[in-house]
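A.B. asks: Would you mind keeping the following structure in view while I ask a few things?
Since every read-out is calculated from the coordinates, none of them should be taken as a lab result. All of these numbers come straight from a predicted model, not from anything done at the bench. Note that we place each Cβ from the backbone using ideal geometry, even for glycine, and neighbour counts take in every protein chain shown.
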Amino acid sequence: MFVFVRYACERNNVVTQRITALCTAIAPQTFGVHLIHWYVLNLIKRSGMVPIHSIVYRTVGSLLVFCLCILLTWLFRSAISGIRFMSAQRKTEAA
């Protein structure tokens, strides 16, 4: 995969810009993905609705789990930012 992306980036400047923009957009969430992906995988395994040994799960499923983890991390970060904002607002009102 890396070789393909590198080849595409060397040949096409538009692809390079899009890949850079995508990497820049998801970079803040990657540590959160690292922390929660195990829990998401366990939830999928426990649900029993998805055959975890199929090739589709191993290929497409990994991309979907990554996207789901990015979404969850973004939601958690947004919620924490909102809580911090409300807390700071209350402190300024009390002062």
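A.B. asks: Suppose the filter is loosely packed, with under 13 Cβ neighbours inside 10 Å, within 28 Å of residue 22 (Cβ to Cβ) and charged (D, E, K, R); does residue 77 pass it?
C.D. replies: Criteria not met by residue 77.
A.B. asks: If you don't mind, there's one more thing I want to ask. Checking the conditions here, which among 87, 81 is under 19 Å from residue 33 (Cβ atoms) and more than 17 Å from the chain's Cα centre (by Cα)?
C.D. replies: Exactly one of 87, 81 is under 19 Å from residue 33 (Cβ atoms) and more than 17 Å from the chain's Cα centre (by Cα), namely 81.
A.B. asks: Restricting attention to segment 35-74, which residues are of a type outside the set (A, V, I, L, M, F, W, C), surrounded by 14 or more Cβ atoms within 10 Å (Cβ to Cβ) and over 20 Å from residue 25 (Cα atoms)?
C.D. replies: Of everything in segment 35-74, those that are of a type outside the set (A, V, I, L, M, F, W, C), surrounded by 14 or more Cβ atoms within 10 Å (Cβ to Cβ) and over 20 Å from residue 25 (Cα atoms) turn out to be 57, 61.
A.B. asks: Also, quick follow-up: Mind listing whichever residues of segment 12-34 are polar (S, T, N, Q) and surrounded by fewer than 11 Cβ atoms within 10 Å (Cβ to Cβ)?
C.D. replies: 13, 24
A.B. asks: Show the residue pairs meeting these rules: Cβ distance below 6 Å; 6+ apart or different chains; first residue within segment 11-32 and within 15 Å of residue 74 (Cα to Cα); second residue among the polar types (S, T, N, Q) and part of a helix (DSSP H, G or I).
C.D. replies: Close Cβ pairs (under 6 Å, with a partner that is among the polar types (S, T, N, Q) and part of a helix (DSSP H, G or I)) amount to 29/73; 32/73.
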